[in-house]
Amino acid sequence: MHRERIRQPSLWEKIVSAEEAAAYIRDGMTVGMSGFTRAGEAKAVPMALAARAKTEPLKITLITGASLGNDLDKQLAEAHVLSRRIPFQSDPALRKAINAGEVMFVDQHLSETVELLRTRQLGPIDVAVIEAVAITEQGGIIPTTSVGNSASFAILADKVIVEINLSQPTLLEGLHDIYIPTRRPVRHPIPIVAPENRVGLPFIPIDPEKIAAIVVTSKLDSSSTVLPPDAETRAIAGHLTELFRHEVAMGRLTNTLQPLQAGIGTIANAVMHGLIDSPFHNLTMYSEVLQDSTFDLFDADKLDFASGSSITLSKAKYEAVLPELARYKPKLVLRPQEISNHPEVIRRLGVIAINTALEFDIYGNINSTHVGGTHMMNGIGGSGDFARNAYLSVFVTKSTAKNGAISSLVPMVGHVDHTEHDVDIVVTEQGLADLRNLAPRERAPLIIANCAHPSYREALADYHRRALARGGHTPHLIEEALSWHAALRERGTMLPG
């Protein structure tokens, strides 16, 4: 069966075990691996690397599209394989190693990684390990459930290892649109003017001579960890729906809205799910990760087309979608992440971007990465690519965490990922604050009144009143600005003592 998927017979002799393929990766190398948010990652070779590291010194720089599934980041971290990790992760074991300083994590905007590789500011890539559905007669690699950075890894690497995953259906062929920008400074415009445009190839074009080894696997992608909507996420979705209704009434949007982007995770997925019961129709998506809500919107006849870089689904949704892939396929495209996240295209299409914050402050600055201002959670991902270039930049979060011990709205964020200049709308289950065209002194009372949890609202208002008395364009009490974070560390709660 695997030979039917390797359509250039000269490559059959390169079929080897995962251990033999992993031998091409040596200590000190930079390795590019497929995988974007638990979808389409190489699965066998990284496991072989982790096993090998138990018997010999082995440290690599690992670059991916985003996070890996099947606990691969965990196993690589615990085997001490990783010296440096780029550009995103979401694994608790790897996070622990990063925060302990054992792994150097470079947190990058997801659109930028391959640009740095292409211009040799990063790399070079010694070996690329790419999961594929098949290899074409010409040696082209057909990815599985994600594209991520796989195309550029394969094109730029000295050697390529291909994992042919027999559990992935051949129906995935034709789903991908591999477009590689021309080189700067004479780059041509990216010719995407609508989410449904296909402008590249359905496979990754490489010289088959670069393929050093082929490994046959059959392991499934990991299921996503998104939770179903709850009362709070439904409330957030309701506030956003009302905003969109208002924009339509003002003549700034129509009932088809504009292409939608939603970050990964339970809250953003639930917000998108909330559009099912909205008056909006014939929607489109230009996003990174296509989650459960994408297919719920298809099934509700609300969504016409979705462009992304990966498909990451819960177990139940995966089992429902895969047998129906032929029905969904005409409405889907998967692109390299430098295209799905490209500022040029995002701005041209007028994307409505919906991303999740860990916390935000009274002026609209967003922390999406660091707990307590110091400890990395996952990474900035693609939120910055979209927030700065979107038609509407929306950040959502629940107003409290840890059973109310933490307020998601604070006087000053402990770490800034998205400045107030890139944030149009902030939403919690309490309400929504539209920050467009407001000065900092106007933003703070609106955010506090509309978005803060009642347990923290008066403390925030008191802080702002006293800061105003001191003056400034963006009033702060510098000696108190991070006191809420200090209280959390010392007392385990931000609630007033």
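A few remarks follow.
- Matching residues, region 395-425, being in contact with a helix residue (DSSP H, G or I) (Cβ under 6 Å, 6 or more places away or on another chain) and of a type in the set (Val, Ile, Thr): VAL396, VAL410
- Top-ranked residue of region 259-298 - restricted to ones that are aromatic (Phe, Trp, Tyr) and surrounded by fewer than 24 Cβ atoms within 10 Å (Cβ to Cβ), ranked as nearest to GLN337 (Cα to Cα): PHE295
- Test: GLY381 is modelled with pLDDT of 95 or more and on the phi > 0 side of the Ramachandran plot: yes
- Residues in region 299-316 that are within 25 Å of SER150 (Cα to Cα) and surrounded by 17 or more Cβ atoms within 10 Å (Cβ to Cβ): PHE305, ALA306, SER307, GLY308, SER309, SER310, ILE311, THR312, LEU313, SER314.
- Here ALA249 meets each of (1) without any contact (Cβ under 8 Å) to a residue 24 or more places away in the chain; (2) open to solvent by less than 20 Å² (accessible area, probe 1.4 Å) with one exception, condition (2).
- Residue within region 324-337 that is open to solvent by 10 Å² or more (accessible area, probe 1.4 Å), assigned to a loop (DSSP other than H, G, I, E, B) and touching a residue at least 24 places away in the same chain (Cβ under 8 Å) present: no
- For region 248-272, a residue qualifies if it is part of a helix (DSSP H, G or I) and either within 22 Å of SER90 (Cβ to Cβ) or touching a Ser or Thr at 6+ places or on another chain (Cβ under 9 Å) (or both), and the qualifying residues are VAL248, THR266, ILE267, ALA268, ASN269, ALA270, VAL271, MET272.
- ASP385 being of a type in the set (D, E, K, R) and open to solvent by less than 20 Å² (accessible area, probe 1.4 Å): yes
- Pairs where the first residue, in region 44-56, is open to solvent by less than 60 Å² (accessible area, probe 1.4 Å) and the second is assigned to a helix (DSSP H, G or I) and of a type in the set (Gly, Ala, Ser), C-beta under 6 Å, 6+ apart: ALA44/ALA18; VAL45/ALA18; VAL45/ALA21; VAL45/ALA22; ALA48/ALA18; ALA48/ALA22; LEU49/ALA22
- Region 78-93, residues that are within 21 Å of SER383 (Cβ to Cβ) and not polar (S, T, N, Q): ARG85, ILE86, PRO87, PHE88, ASP91, PRO92
- In this structure, GLU4 qualifies as in a helix (DSSP H, G or I), loosely packed, with under 14 Cβ neighbours inside 10 Å and either within 29 Å of the chain's Cα centre (by Cα) or not β-branched (Val, Ile, Thr) (or both).
- VAL416 being at pLDDT 95 or above and surrounded by fewer than 22 Cβ atoms within 10 Å (Cβ to Cβ): yes
- Selected residue (criterion: farthest from ALA452 (Cα to Cα)) from residues of region 221-238 that are hydroxyl-bearing (Ser, Thr, Tyr) and crowded, with 16+ Cβ neighbours inside 10 Å: SER222
- Look at region 171-187: where a residue is free of Cβ contacts under 8 Å to residues at least 40 places away in the same chain and a partner is open to solvent by 60 Å² or more (accessible area, probe 1.4 Å), sitting 6+ places away or on another chain with Cβ atoms under 7 Å, you get THR182/HIS188.
- Selection within region 345-366 - in a strand (DSSP E or B), in contact with a helix residue (DSSP H, G or I) (Cβ under 6 Å, 6 or more places away or on another chain) and not hydroxyl-bearing (Ser, Thr, Tyr): ALA353, ILE354, ASN355
- Residue match in region 397-410 (condition: within 19 Å of ILE346 (Cβ to Cβ), surrounded by 22 or more Cβ atoms within 10 Å (Cβ to Cβ) and within 19 Å of the chain's Cα centre (by Cα)): no
The values are calculated or read from the model by the stated rules, or taken from the named source; none is laboratory data. Since this is a predicted model, take the numbers as computed values, not measurements. Here Cβ is always computed from backbone atoms with ideal geometry, including for glycine, and neighbour counts include all displayed protein chains. For the accessible areas, the whole protein counts, side chains as well, though only heavy atoms, and no ligand, DNA or RNA atoms are used. Shrake-Rupley method; radii C 1.70, N 1.55, O 1.52, S 1.80 Å.
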